Structures are given as structure tokens and as C-alpha cells.
Amino acid sequence: MIAVIKPANITGVITAPASKSAMQRACALALLNNGKTIIQNPGKSNDDIAAMNIIRALGATLHYEDDALVVNSNGIVNGSGPVSCGESGLSLRMFAPLAALSNHEIILTGEGSLLKRPMHFFDEVFPSLGIKTKTNNGFLPITIKGPLLAGDTSIDGSMSSQYLTGLLFAFAKTAKHPVVISVHDLKSKPYIDLSMQMLGVFGYHVTHENYAAFFIGPAVEKQRDIFYHTEADWSAAAFLLVAGAIAGGIRVKGLDLYSAQADRAIMDVLQDAGAAIHVEGSCVLVNDQQTLKAFEFDATDSPDLFPPLVVLAAYCNGVSVIKGVSRLAGKESDRAATLMDVFGKMGVDISLHADDMIVKGGNAVHAAKVSSHHDHRIAMAAAIAALKAEGNIEIDHAEAVNKSYPDFYQHLQMLGAAVSLS
């Protein structure tokens, strides 16, 4: 699909979509829950659908009642045949340890860029937990056979916190006695805060000491009904808030200012850049300013903010610095290279220095034809950048947004943007 976005001022009110980070975790915990889980405000992105398909394949039943997703499970993980994780890195890394709770052989596979993501973590860690694994030379598909034996273990947290989330969920479900997971160099700590917050909602007891040691109490198995409301997605909202800061006055509803989501940090960056922001409860109002100023931000714990931050930096006067480039290599694309390619075509000067991305802003953003590189956040960044560009931005493979925000183009149109899709 090709999307063409014309320069435009935007205005209006949009409710941010459900957080796919929270929705996918809720699906995983619903699978482990012995009883009924009612998920209110369920997500509908491709990644959310992948998580729902996984728990169905592993033994849960799902149906909708009004606008809520109802998951019934006996708390036992079963499955046979290939189980697809779609293109969701979180689902793969989180559900692999859960699949290992079964004593049946389960094959996890995926699509698109997920087939290129390394699986070495499982080869290195799973054998010590009693799990047999076989990968395709370190890539998908991965064959897993448990059952997982929860015990004291050590892992490297530098690549992704998502591996730790999967282990925390699996250990919390199956631990027969107190166990400790020691973690070296954990990245994206706010996402672990979200995981632990949700573990508490589902009745599990997990604590940590400075994110270096995680203590999991013995599982207390009982039948329970859980009600969980999926909060709004700060990762998606970041694009809307940047759009308001550069091209209009909009209200983004449904946001939790006290959320554990890492990308809530977009509010701090917008304030540092001099954007006009006002908060009314769960509604954030953003208005464009004549002048935005360059900023410096460490995105090591929130790497998904890189694309909207590059857009913001392009329209700020001066040189902005975004730290944490090393966190971009394992995404849907090599985002550092992709951002330089896409925004370079728009005339934005981006360079890398060690772990920093340097963006020279304040100059004209040119009309251009670009590719999303099949990366949802690159597609959204290009579309937002178009709102104040000198001419149209044409985005190839624009359908990539369906991975996380299928209503993205519709929401831009509702705000008054001129978007054509073909």
C-alpha cells in the first residue's frame, strides 16, 4: 500500500489506542490464569491478534462480550503443531518460556522481520531450566519441549527486557519454592515495571532489588476471575503528540500520566523542546509553537521513541541528540540506518556518533518518496513529518502501521490531515 500525506494543520480530539505492550502481557497472563479473564479495551493491532492466536493455540478459549475480550483457561499450557507469533518480537520472547511449561513439543514460528531476529538467548538459557530447544541456526522456527523447572538462574538483560518478562511469567506460574533470577545490564526497565505491575493484578508475588535480582515467590494455584482494563498506548500516542506539537492543536484522550510504560517519557521531551502542553486528567492537549528548541534525550530505556523524536528534532531549531542507538538494531528494521535513509530523502541531516544520533533541525523538510522498510514506526514517523513538510510525502509499504496502530491513517484524517491510500 502507498500512502500520500499532504502538508496540513491538524486539530481535533483522538483517543489513543490500547497499549499492545499491556494487551499482549494480559493475553499471556490470561493463559496462565486458572479461570476467566475479562480484558476490557482490548487491542486490535496485528501484534495483539498474534498474542490472541497464540493463547488459543496453547489451550485458552476466547470470545467477545460487548467490547470486552473474555479468555477462559484452566491454567495449563498445551499445544501441538507450529504456533505462529506473527511478526511480534514481544510475543515470541514472552511466550517461549510459557510454551516450555508444557511437556509437549511445541514449535514457535513467525513472519517477516521476526524470521531474521536471533534466538540465541533460548539456546543459552533454556537448557539450564530443563528445556530442550532446537533452532534454525539461531533463528526461527524454534522447537521447545519442557517442562520448565524454575530455579535460580542468571541472564543477560542487555539485548531486551522481553526475555526477562517471559521468564518472570513462567517462573511465577510454576515455582515450587522461592527462586531468584539474577540479571546483568538490564535495559528497558520501565517495561519490567509494567510486567511486574500486571503480575500483581493476576495474583503473583514478584519483587526485585535494583533490577539486578528478581525474587519470585512460590505459585499459589487457585481458580480466580480477573478483570483487566488495557491502558492506552504511549508509544502510539507519542506520534500524535509530536504531530500536535509541530502542526496544530489536538487533544489525545485516555492517557495515564502515571503509567509504567517507558514511552510516557515523550512528555518530558516535548516540554524540553518548548512545546505547548496542557494536561486535563487523562487528556493531553498539545499546540504547535512558532519555535521549538533542540533537545537531548537518552532513549536507552525507550528505544521505540526514536522515530517520533527524529520527527520532533527535524522541526526544532538547532542540533538535537538522542542517545541509545545501540538499542535499534533488533527492531523491525535496523532503525538507525532506516531513519537516516528515510529522513535523508527529506533533506534532514542525521549522523551517528558512538551511541548517539545527531539530528540537525530547523531547516526545510522536503517532499519525498520513501519506504517504511516494513517498519510500522518508520511509516508513522514519515507520515507525521509530512504535516509540516514543503510538499507531499509518499510512503511505500505504508500498511506496516497495522502491526501496532491499524487506525493510524484514519485518525490522521479525523484530525484534518489529507491522506490518500492506494
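The values are calculated or read from the model by the stated rules, or taken from the named source; none is laboratory data. Computed from a predicted model, the values in this text were never measured in an experiment. So basically every Cβ, Gly included, is an ideal-geometry build from the backbone, and we count neighbours across all protein chains shown.
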>> Go through the stretch 52-93 and report how many residues are out of contact with any strand residue (DSSP E or B) (no Cβ under 8 Å at 6 or more places or on another chain) and charged (D, E, K, R).
In response: 3
> Within the stretch 323-341, can one find any residue that is of a type in the set (Ser, Thr, Tyr), within 19 Å of Asp288 (Cα to Cα) and assigned to a loop (DSSP other than H, G, I, E, B)?
Replying inline: no
> How many residues are of a type in the set (S, T, N, Q), modelled with pLDDT of 95 or more and either in the same structural domain as Ala265 (by TED's automatic domain parsing) or on the phi < 0 side of the Ramachandran plot (or both) when one looks only at the stretch 203-239?
Replying inline: 3
>> Tell me whether the stretch 236-258 contains one or more residues that are without any contact (Cβ under 8 Å) to a residue 40 or more places away in the chain, part of a strand (DSSP E or B) and buried (at least 21 other Cβ atoms within 10 Å of the Cβ).
In response: no
> Among the residues of the stretch 383-422, which ones are under 21 Å from Leu339 (Cβ atoms) and without any contact (Cβ under 8 Å) to a residue 60 or more places away in the chain?
Replying inline: Val401
> Taking strands (runs of 3 or more DSSP E) that fall entirely within the stretch 342-422, which contain at least 3 residues that are surrounded by 15 or more Cβ atoms within 10 Å (Cβ to Cβ) and either among the small types (Gly, Ala, Ser) or modelled with pLDDT of 95 or more (or both)?
Replying inline: 356-361, 368-371, 393-396
> Would you pick out the residues in the stretch 203-231 that are more than 20 Å from Val125 (Cα to Cα) and either touching an Asp or Glu at 6+ places or on another chain (Cβ under 8 Å) or assigned to a helix (DSSP H, G or I) (or both)?
Replying inline: Glu231
> Can you tell me how many residues in the stretch 378-417 are polar (S, T, N, Q) and more than 26 Å from Ser21 (Cα to Cα)?
Replying inline: 1
> Is it the case that Ser371 is among the small types (Gly, Ala, Ser) and closer than 18 Å to Ala383 by Cβ?
Replying inline: yes
> What residue, among those in the stretch 87-102 that are in a loop (DSSP other than H, G, I, E, B) and either among the aromatic types (Phe, Trp, Tyr) or buried (at least 21 other Cβ atoms within 10 Å of the Cβ) (or both), is nearest to the chain's Cα centre (by Cα)?
Replying inline: Ser88
> For Gln290, all conditions in the list (1) outside any strand (DSSP E or B); (2) in contact (Cβ under 8 Å) with a residue 40 or more places away in the chain hold save one; what is the number of the exception?
Replying inline: (2)
>> Looking at the stretch 15-73 only, could you name the residues that are assigned to a loop (DSSP other than H, G, I, E, B) and among the polar types (S, T, N, Q)?
In response: Ser19, Asn33, Asn41, Ser45
